[in-house]
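The values are calculated or read from the model by the stated rules, or taken from the named source; none is laboratory data. These numbers were taken from a predicted model, which means no experiment stands behind them. No Cβ is skipped: glycine too gets one built from the backbone with ideal geometry, and neighbour counts run over all protein chains shown.
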Amino acid sequence: MVAVSGIYGRELAGGVCNSSLPASPGQTPGGVGRYLDIIANVSFEAKIALHKLGDDLNSALLPTCQDRAWFVTGECANGHRFAKELVCGKEFCPVCGEDGSTAHNRRFARWLPKIQHFESLGYFVFTIPEAQRAKYKTKKALADLGHQVQELLKSWGYLRGLRRWHFFGDYAGLIGGREVNLGELRISYLKAFNRLIETFAKMNGFDLVLNPNKATIFWRNPGGQHSSVIARLVADFAKTYGLHLKPYSSIKPNPHLNSLVGGECGPYIPPRVLATIKLEYAGLVYGIPVKELGESHPIDVKYRYRLSPGKMVHALKYVTRATFRDYTWDLDMAMELRGFRNMVVWGRGEWGDEPAWSLGDLGGKARAAVEDLDIRAIESIVAGVCPVCGEALTWGEALPIGLLDMVDKQSLGAGYYSLGDLPPPPVQPADVKFRLYALELAHRLEVRQSVARAEAEARAEAGEYQGWWSGLLDTD
Ligand SMILES: [Zn+2]
Ligand SMILES: [Zn+2]
């Protein structure tokens, strides 16, 4: 996505709306962190390989959702039952990092009801100049700058909004052998790029990505007997399409803060106002008074706006996507960002009005993005409240996802499910009920396994018999 700097619209009626409301602590993301201990099971070889980097790294970076999956069930006092898949949510997790993953959909679903309050959507991107980036690699530095930007926007009348950091720029291609973000690429040579990736993968290459904004290909030579062939192939491609060529290891963080705000002041921002916002932001990034800023303090703030619900939905999908797709891009930062609260909503008390538009207003791609989501139910479950009756939900222990496959359920989207209701309770403590349910599931699993075993045995016998029979026929 290419962002445009500045919008040259009409003047705001009455200049800039201003207000001084108390700061909002924003919202906290759902707490799946405690389940990560349970999920923290890593392949032995991978552990050995990274052992020299320390145990901390092992437990922090390796557990992903690639080959294990868990869920928990929850229920209210009235026997309404729900399930949620547990995901690690790490941006570099091969599962959670994907566009449209459960983790991505969850972030999207969490913010969608907020966006629905906006008649129009203002979308700011606050970038950090390269020379200043080293300062913004810690949770504290990023959280502080994020908060300062939020206060800056509030001082300009944006009383409510949402903010989220992207840690890296837009990369599309092959990362660790996985295809990433190719669907988002808007380049004339996409077909040729796809062919290059295909060939590269066939020669056992793993890392080759394009950053269209920088017109640069980053890649790692897989070595081996094809080493020089592949080097020439990639170099030729870059030359043909006028791209720079750089080693994959030179990919560096490029944090930029996405801020989505309502159009309370109108979607248009006069250039004079945008210029002042930029100056004030530059003061924050460089940590010096605005009047001391000069030529040597470049700054870039992009602003654009969205008028239709469909375009707002697309912007939200984009903002909530993962950008830190490979932890080797910056190992220290990957470690540092553990537990970073990156989805921040501001303006408590400012969100009480009626939604400005409904999901039914959406068409085309935007409709497809929300079709499978029961936003109201998800919002309620995330808040720990039964969407049917409003009672508190109590969650059980983590169970292997295979068990969920065999339960009657209705998908609510983003990895949330509604399960069949329990009959009104004989009064039992919650943990007893949970254990009974787990037993029931385990029993179903046993039944299913024994059926499968019997079928397999029958098949094996039939196969052997057939083999023996055809063996007889072949011997003459
Ligand atoms: Zn994951
Ligand atoms: Zn209920």
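Going by the structure shown, is G89 free of Cβ contacts under 8 Å to residues at least 40 places away in the same chain and within 16 Å of ligand 1 (Cβ to nearest atom)? It is false that G89 is free of Cβ contacts under 8 Å to residues at least 40 places away in the same chain and within 16 Å of ligand 1 (Cβ to nearest atom).
Among the residues of the range 74-86 satisfying the criterion of being closer than 14 Å to G384 by Cβ and not in a loop (DSSP other than H, G, I, E, B), which is farthest from ligand 1 (Cβ to nearest atom)? If we take residues in the range 74-86 being closer than 14 Å to G384 by Cβ and not in a loop (DSSP other than H, G, I, E, B), then E75 is farthest from ligand 1 (Cβ to nearest atom). The helices (runs of 4 or more DSSP H) falling completely within the range 272-376 that include 3 or more residues that are out of contact with any Gly (no Cβ under 9 Å at 6 or more places or on another chain) map to 309-319, 331-336. Within the range 248-266, being in contact with a Leu (Cβ under 6 Å, 6 or more places away or on another chain) and either among the basic types (K, R) or surrounded by fewer than 22 Cβ atoms within 10 Å (Cβ to Cβ) (or both) holds for C265, G266. Beta carbons closer than 8 Å, at least 6 apart along the sequence or on distinct chains, pair a first residue in the range 265-276 that is in contact (Cβ under 8 Å) with a residue 60 or more places away in the chain with a second that is of a type in the set (S, T, N, Q) and surrounded by 18 or more Cβ atoms within 10 Å (Cβ to Cβ) for G266/S120; P267/S120.
Going by the conditions given, is W357 in contact with a Pro (Cβ under 7 Å, 6 or more places away or on another chain) and more than 16 Å from ligand 2 (Cβ to nearest atom)? Outline the logic, then answer.
Details: in contact with a Pro (Cβ under 7 Å, 6 or more places away or on another chain): yes; more than 16 Å from ligand 2 (Cβ to nearest atom): yes.
For W357, the condition - in contact with a Pro (Cβ under 7 Å, 6 or more places away or on another chain) and more than 16 Å from ligand 2 (Cβ to nearest atom) - is met.
Residues that are free of Cβ contacts under 8 Å to residues at least 40 places away in the same chain and closer than 19 Å to I175 by Cα within the range 227-242 comprise S227, I230, A231, L233, V234, A235, A238, listed in sequence order. When the range 64-73 is filtered for residues that are within 14 Å of ligand 1 (Cβ to nearest atom) and either within 19 Å of A383 (Cα to Cα) or at pLDDT 90 or above (or both), only F71 remains. Of all residues in the range 117-146, how many are touching a residue at least 40 places away in the same chain (Cβ under 8 Å) and within 21 Å of W346 (Cβ to Cβ)? Residues in the range 117-146 being touching a residue at least 40 places away in the same chain (Cβ under 8 Å) and within 21 Å of W346 (Cβ to Cβ): 18 in total. Any residue in the range 200-212 that is out of contact with any helix residue (DSSP H, G or I) (no Cβ under 7 Å at 6 or more places or on another chain) and among the acidic types (D, E)? Among the residues of the range 200-212, not one is out of contact with any helix residue (DSSP H, G or I) (no Cβ under 7 Å at 6 or more places or on another chain) and among the acidic types (D, E), which makes the answer no. For the residues L393, L399, L403, L436, the requirement of being more than 23 Å from the chain's Cα centre (by Cα), farther than 15 Å from T102 by Cβ, of a type outside the set (S, T, Y) and not assigned by TED's automatic domain parsing to the domain that holds K84 singles out L436. Based on this model, can you work out whether I230 counts as over 23 Å from H166 (Cα atoms) and part of a loop (DSSP other than H, G, I, E, B)? It is false that I230 is over 23 Å from H166 (Cα atoms) and part of a loop (DSSP other than H, G, I, E, B). Cβ-Cβ distances below 6 Å connect the following pairs, each with a first residue in the range 385-403 that is at pLDDT below 95, a second residue that is more than 16 Å from ligand 1 (Cβ to nearest atom) and among the β-branched types (V, I, T), and a separation of six or more residues or different chains: G396/T73. Out of everything in the range 352-365 that is over 24 Å from the mean Cα position of the chain (by Cα), surrounded by 11 or more Cβ atoms within 10 Å (Cβ to Cβ) and not aliphatic (A, V, I, L, M), what residue ends up being nearest to S120 (Cα to Cα)? Among those residues, the one meeting the criterion is W357. Cβ-Cβ contacts under 6 Å between residues 6 or more apart (or on different chains), taken from a first residue in the range 333-349 that is under 16 Å from L142 (Cβ atoms) to a second residue that is aromatic (F, W, Y), are listed as A334/Y327; N342/W165.
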